[in-house]
1. Considering each of GLY108, GLY42 in turn, give the residue that is of a type in the set (Gly, Ala, Ser) and within 26 Å of THR159 (Cβ to Cβ).
2. Does ALA196 satisfy the condition of being surrounded by 12 or more Cβ atoms within 10 Å (Cβ to Cβ) and at pLDDT below 85?
3. What is the residue count in the range 119-130 for residues that are surrounded by 13 or more Cβ atoms within 10 Å (Cβ to Cβ) and without any contact (Cβ under 8 Å) to a residue 60 or more places away in the chain?
4. Which of the residues spanning the range 77-101 are surrounded by fewer than 19 Cβ atoms within 10 Å (Cβ to Cβ), in contact with a strand residue (DSSP E or B) (Cβ under 9 Å, 6 or more places away or on another chain) and among the small types (Gly, Ala, Ser)?
5. Can you tell me which residue among VAL184, VAL188, VAL134, VAL138 is modelled with pLDDT of 65 or more, touching a Cys at 6+ places or on another chain (Cβ under 7 Å), assigned to a helix (DSSP H, G or I) and hydrophobic (A, V, I, L, M, F, W, C)?
6. Within the range 141-172, can you find the residues that are open to solvent by 50 Å² or more (accessible area, probe 1.4 Å), free of Cβ contacts under 8 Å to residues at least 60 places away in the same chain and assigned to a helix (DSSP H, G or I)?
7. Checking the conditions here, which among ALA32, ALA11 is open to solvent by 40 Å² or more (accessible area, probe 1.4 Å) and farther than 30 Å from GLU132 by Cβ?
8. Residue by residue through the range 45-73, note down the ones that are loosely packed, with under 13 Cβ neighbours inside 10 Å and in contact (Cβ under 8 Å) with a residue 60 or more places away in the chain.
Amino acid sequence: MHMHYARDELALRPNTRAGLVIVAVVAVLGTALSAAAAYGAGAGAGLAIAVVFGVLLALSIGHFLRAKIALTPDQIVVRGLLFQQRRARARAAEVVRADIDAHRAPPGDTLFVLDEQGELLIRIAGTYYAREDVDRLVESLGVPCGGPDRTVTAAELATMYPDLRLVSFVERHPWRIGFAVTGVLIAVIAGLMLVATVAGL
């Protein structure tokens, strides 16, 4: 005879306050960069930057309206704006929880759910969820949970768990990526200034 046990169900939505902060930061940053580009390279450059940040703003708002973390008796579901991940809940064997410092505030409260072989089953970003909600999620999963007892960088987390592929190269080397992106933006703005100068001639 098979025995069936009830399992906790849970549905979490992003913290409204966190969502408003992100939207405000994107809006202010976009406005400042657009104004700077328009002043330095002309109205066309300012408009281009404004369009880029307008798209980012729309994506941010869309994400917070659609995002959801859910536990069903059978599945772990993580939904974002453009994706939805589903994993068999029965495969979850352990959780590594870490506050990852990505040079922003607050640090990213992240859950790495592992299977019995220590392979990453699903990664759950809890940055924009209330901490008590993430606590409930961990409790409802009902598996052992460990992790660093302090805020760490992605590179430090990778060092602590060398046998687990928890974080990507981009996360481990944010400054390199940041410099590369900045270089591309500078090149784009310089190109727009050159085009504007040639057109003016």
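1. Working: GLY42 fails: within 26 Å of THR159 (Cβ to Cβ).
That would be GLY108, the only listed residue that is of a type in the set (Gly, Ala, Ser) and within 26 Å of THR159 (Cβ to Cβ).
2. yes
3. At the first step, the residues of the range 119-130 found to be surrounded by 13 or more Cβ atoms within 10 Å (Cβ to Cβ) are 120-130.
From what is left, the residues that are without any contact (Cβ under 8 Å) to a residue 60 or more places away in the chain are 120-126.
Summing the residues that are surrounded by 13 or more Cβ atoms within 10 Å (Cβ to Cβ) and without any contact (Cβ under 8 Å) to a residue 60 or more places away in the chain in the range 119-130 gives 7.
4. GLY80, ALA88, ALA93, listed by residue number.
5. On the way: VAL184 fails: touching a Cys at 6+ places or on another chain (Cβ under 7 Å); VAL188 fails: touching a Cys at 6+ places or on another chain (Cβ under 7 Å); VAL134 fails: touching a Cys at 6+ places or on another chain (Cβ under 7 Å).
After applying the criteria, what remains is VAL138.
6. Within the range 141-172, GLU156, THR159, MET160, PHE169, VAL170, ARG172 qualify.
7. On the way: ALA11 fails: farther than 30 Å from GLU132 by Cβ.
Of ALA32, ALA11, the one residue that is open to solvent by 40 Å² or more (accessible area, probe 1.4 Å) and farther than 30 Å from GLU132 by Cβ is ALA32.
8. PRO73
The values are calculated or read from the model by the stated rules, or taken from the named source; none is laboratory data. Remember, it's a predicted structure, so these values are computed and weren't measured experimentally. FYI the Cβ positions are ideal-geometry reconstructions off the backbone, even for glycines, and counts take in every protein chain you see. For accessibility, only protein heavy atoms count, side chains too; no ligands or nucleic acids. Shrake-Rupley method; radii C 1.70, N 1.55, O 1.52, S 1.80 Å.
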